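For reference, the structure discussed in these notes is given below.
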Amino acid sequence: MNIVVCVKRVPMTQEVDLEIDASGKDVKADMLAYVLNEWDNYAVEEAIQLKEKTGGTVVAVTIGSEDDEEVLRRCLAMGADKAVRVDPGDRPMDGLVKSRILAEVVKGMEYDLVLTGVQSDDVNDGMVGVLLAEQLDAPHAAVVTGIDPQDGGAGVKVELEGGMDELSRVNLPAVLSIQTGINEPRYVSIMGIRKAAKKELNVVPLADLGIDEDALTPMTTVEEYFFPPETEGAEILEGDAASVAEQILKIIKEKGVSI
Amino acid sequence: MGEIFVLVEHRQGVLRDISCEMLWKANELCTGLSHTLTAVLLGGKDEPFVNEIAERADKVLVVEDDRLEAFNADLYKGILSSLIQEHKPFITLMPQSPWGMDLAPSLSVKTGFPLATDCVDILVEDGKPKAVRQIYNGKIFSKVALRDADCYLMTVRASAFPPDAVEGRAGEVVKLDVPADLPEPRREFVKFEDAGAGAVDITQADLLVSVGRGVGEADNIEPLKELAEKMGGLLSCSRPVVDKHWLPKYHQVGTSGKSVKPKVYLAFGISGAFQHVAGITGAGTVIAVNKDKKAPIFRVANYGIVDDMFNVVEALKEQLS
Ligand SMILES: Cc1cc2nc3c(=O)[nH]c(=O)nc-3n(C[C@H](O)[C@H](O)[C@H](O)COP(=O)(O)OP(=O)(O)OC[C@H]3O[C@@H](n4cnc5c(N)ncnc54)[C@H](O)[C@@H]3O)c2cc1C
Ligand SMILES: Nc1ncnc2c1ncn2[C@@H]1O[C@H](COP(=O)(O)O)[C@@H](O)[C@H]1O
């Protein structure tokens, strides 16, 4: 199977005090550390496992700046054969614009499957995969936790709510958005990344794709970022660990739980 | 007078909560705008919950066909896009659920109408809808405008709005024919499978000791298991703990796991993503331990401890022995 996998670099935001920048429409990025989007990590692993089973190639694609090449190198180290970065310059992009760019890139390739993550950890749109499918006029499935290639198609497991799964069969080529837990992503060492530096990483300026300006107009624009409105929030228990533990046990007993 | 559409979600003959939540919000929007509220039900023959919907809408458009009993993006997209072209609803609300995420973006491309996903609120300013969204794991909110259009599409986050019915609506149920030119679906439903059952049932526990990714590694689960046993509670967890195979799926709390209703829920190293928090709305008291004082879990917890979880776990174990 020939598989294209779309990946994105995202900031880590746990244990970080985010600040909104002067524009009021973005966060200050200089203090942040970045990683491969969690969902995309599973998507790349899935692509590579499918390739190991069925043959073919895996191409990783990102739309981003030179800094974002770091996640492509990681994909190459995991086993992707080739990587492509589309450089969008500093134009505003929403999910629609990204899907149009990705569609143009994918159209130029031979593919049986395109994999994306279910959502990106920063903006939480959860839309690029299915938008891309529609641009390619390909069938799709969102929130996929299992892929079983069968002749001409694939059995697909989709995760619903409450521990329920839905099994279906999809025609290929198809676009699938991958959910966490579908596999166990392999470990990537610094050595591995160094070794993969020899693999092909093409940079494509957006202009080379020849997409007309109209198609690159976002359907949404951010008007403002703000901090979560004040809520009552939690009453913070103070003191050393022993005193906190005492307070916790007291609360638990008060709530009618016997321990 | 304009119209607002709500695409109701249902499964195996049951209306899903998110449908009522969307109808609640649509009712509020319709009241403010003097629009009418139209629920759209695509389903199998004689779905049993039509009245539940009618009580919450001015009109229910029903398209019934065996092929629509289970969700199918190709068919839903085909029918909805022609209904939207015909009625030109100001806003169409859909759920940000696995099915909604499968449908809404393709409907947006098909109709050319702009889409904002995962809205936790919807405002109307100068006659234009604005989406309020949560980003960066709930640490930042954003207000988003949509490109000018005749119709707008929005998906709504679960539990963002109450599921309550509003007095005074008794919607007319209008059955429509299945369009003759329905496309051949490119994806076929096979069956549902229950992946959630297992050795323990966390939904019945009075006390849950719940672990999140903050636990760090598989070996660190053991002290929490011991704590849960010492307290006479059950061990539960967030999704990453299951994804990493540190605990089996039946321990998972949240939208894709179990909804729980313990008297006390102790959350250790859980950030408080909405998919997790949606599973603990029924909990009596939530006590959260997290190193990050800005973790969103502290917004929903009753009590918070800003500390390394293992300090607190050890101290609790000491007090109990
Ligand atoms: C369709 C869909 C369905 C989903 N369903 C679910 C679901 O059912 N249930 C669910 O839980 N998630 C679900 N998720 C995932 C959800 O979005 C979050 O990714 C997940 O809940 C995060 O889990 P977490 O809080 O354990 O991890 P993180 O978000 O990584 O948080 C870890 C927390 O631990 C803290 N921490 C780290 N070390 C320590 C320490 N030593 N002591 C104290 N605190 C520490 C950090 O500050 C951080 O706040 C779903 C996602 C999608 C897209
Ligand atoms: N800049 C990008 N470059 C390549 N793929 C992307 C980009 N942004 C999003 N994606 C893909 O789309 C998925 C869903 O992202 P989103 O719709 O932004 O939540 C991600 O998991 C990626 O697979």
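The values are calculated or read from the model by the stated rules, or taken from the named source; none is laboratory data. The structure presented is a predicted model; accordingly, all values stated were derived computationally and were not measured. As a convention, Cβ positions derive from the backbone with ideal geometry for all residues, glycine included, and neighbour counts pool all protein chains shown.
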Worksheet item: Given the residues A:5, A:10, which is the only one that is hydrophobic (A, V, I, L, M, F, W, C) and within 24 Å of residue B:292 (Cβ to Cβ)?
Response: A:10
Discussion item. List the residue pairs whose Cβ atoms are under 9 Å apart, where the first residue sits in segment A:184-195 and is assigned to a helix (DSSP H, G or I), the second is among the acidic types (Asp, Glu), and the two are 6 or more positions apart or on different chains.
Written reply: A:193/A:70
Discussion item. One residue is enough: does segment B:259-273 have a residue meeting the conditions touching a Lys or Arg at 6+ places or on another chain (Cβ under 6 Å), near ligand 1 (Cβ under 7 Å from one of its atoms) and either farther than 22 Å from residue A:250 by Cβ or modelled with pLDDT of 95 or more (or both)?
Written reply: no
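Quick test for you: out of A:198, A:157, pick the one residue that is of a type in the set (Lys, Arg) and crowded, with 19+ Cβ neighbours inside 10 Å.
One residue alone meets the criteria, A:157.
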Worksheet item: Under the condition of being near ligand 2 (Cβ under 8 Å from one of its atoms) and hydrophobic (A, V, I, L, M, F, W, C), which residue from segment A:84-98 is nearest to the other protein chains (Cβ to nearest Cβ)?
Response: A:93
Fill in: Out of B:263, B:258, B:293, sole residue that is more than 16 Å from ligand 2 (Cβ to nearest atom), within 10 Å of chain A (Cβ to nearest Cβ) and within 16 Å of residue B:136 (Cα to Cα)
B:293
Worksheet item: If you check residue B:284 against the conditions, is it within 7 Å of ligand 1 (Cβ to nearest atom) and at negative phi?
Response: no
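Any residue at all in segment A:244-254 that is touching a Phe, Trp or Tyr at 6+ places or on another chain (Cβ under 7 Å), in a helix (DSSP H, G or I) and at the interface with another protein chain (Cβ under 7 Å from one of its Cβ atoms)? Spell out how you get there, then give the answer.
Start the filter on segment A:244-254 by keeping residues that are touching a Phe, Trp or Tyr at 6+ places or on another chain (Cβ under 7 Å), which leaves A:251.
Remaining after also requiring in a helix (DSSP H, G or I): A:251.
Then keep just the ones that are at the interface with another protein chain (Cβ under 7 Å from one of its Cβ atoms); that gives A:251.
Within segment A:244-254, one or more residues are touching a Phe, Trp or Tyr at 6+ places or on another chain (Cβ under 7 Å), in a helix (DSSP H, G or I) and at the interface with another protein chain (Cβ under 7 Å from one of its Cβ atoms).
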Worksheet item: Name the residues in segment B:269-301 that are surrounded by fewer than 19 Cβ atoms within 10 Å (Cβ to Cβ) and under 21 Å from residue B:160 (Cβ atoms), would you?
Response: B:275, B:281, B:282
Worksheet item: In the list A:138, A:133, A:142, which residue meets the criterion of being surrounded by 22 or more Cβ atoms within 10 Å (Cβ to Cβ), more than 16 Å from ligand 1 (Cβ to nearest atom) and closer than 12 Å to residue A:175 by Cα?
Response: A:133
Fill in: Given (1) away from chain B (no Cβ under 14 Å); (2) more than 13 Å from ligand 2 (Cβ to nearest atom); (3) surrounded by fewer than 20 Cβ atoms within 10 Å (Cβ to Cβ); (4) free of Cβ contacts under 8 Å to residues at least 60 places away in the same chain, number of the condition residue A:65 does not satisfy
(2)
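Can you list the helices (runs of 4 or more DSSP H) found entirely within segment B:40-129 that contain at least 1 residues being within 14 Å of chain A (Cβ to nearest Cβ) and of a type outside the set (Phe, Trp, Tyr)?
Values: elements: B:50-54, B:73-87, B:98-111.
In segment B:40-129, the matching helices (runs of 4 or more DSSP H) lie at B:73-87, B:98-111.
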Discussion item. Any residue at all in segment B:239-250 that's closer than 24 Å to residue A:235 by Cα and either in contact (Cβ under 8 Å) with a residue 12 or more places away in the chain or over 24 Å from the mean Cα position of the chain (by Cα) (or both)?
Written reply: no
Discussion item. Looking only at segment A:202-243, how many residues end up being in contact (Cβ under 8 Å) with a residue 40 or more places away in the chain, at the interface with another protein chain (Cβ under 8 Å from one of its Cβ atoms) and assigned to a strand (DSSP E or B)?
Written reply: 7
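Among the candidates A:14, A:49, single out the residue that is away from ligand 1 (no atom under 16 Å from the Cβ) and surrounded by fewer than 23 Cβ atoms within 10 Å (Cβ to Cβ).
Numbers: A:14 fails: away from ligand 1 (no atom under 16 Å from the Cβ).
Selected residue: A:49, the only one of A:14, A:49 that is away from ligand 1 (no atom under 16 Å from the Cβ) and surrounded by fewer than 23 Cβ atoms within 10 Å (Cβ to Cβ).
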Item to complete: Please work out which residue is nearest to residue B:211 (Cα to Cα), limiting yourself to segment B:312-321 and to residues that are crowded, with 17+ Cβ neighbours inside 10 Å and within 7 Å of chain A (Cβ to nearest Cβ).
Response: B:312
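Do the conditions hold for residue B:132, that is, is it surrounded by fewer than 20 Cβ atoms within 10 Å (Cβ to Cβ), touching a residue at least 60 places away in the same chain (Cβ under 8 Å) and over 29 Å from residue B:13 (Cβ atoms)? Can you show your working first?
Values: surrounded by fewer than 20 Cβ atoms within 10 Å (Cβ to Cβ): yes; touching a residue at least 60 places away in the same chain (Cβ under 8 Å): no; over 29 Å from residue B:13 (Cβ atoms): yes.
Here the answer is no, as residue B:132 does not meet what is asked.
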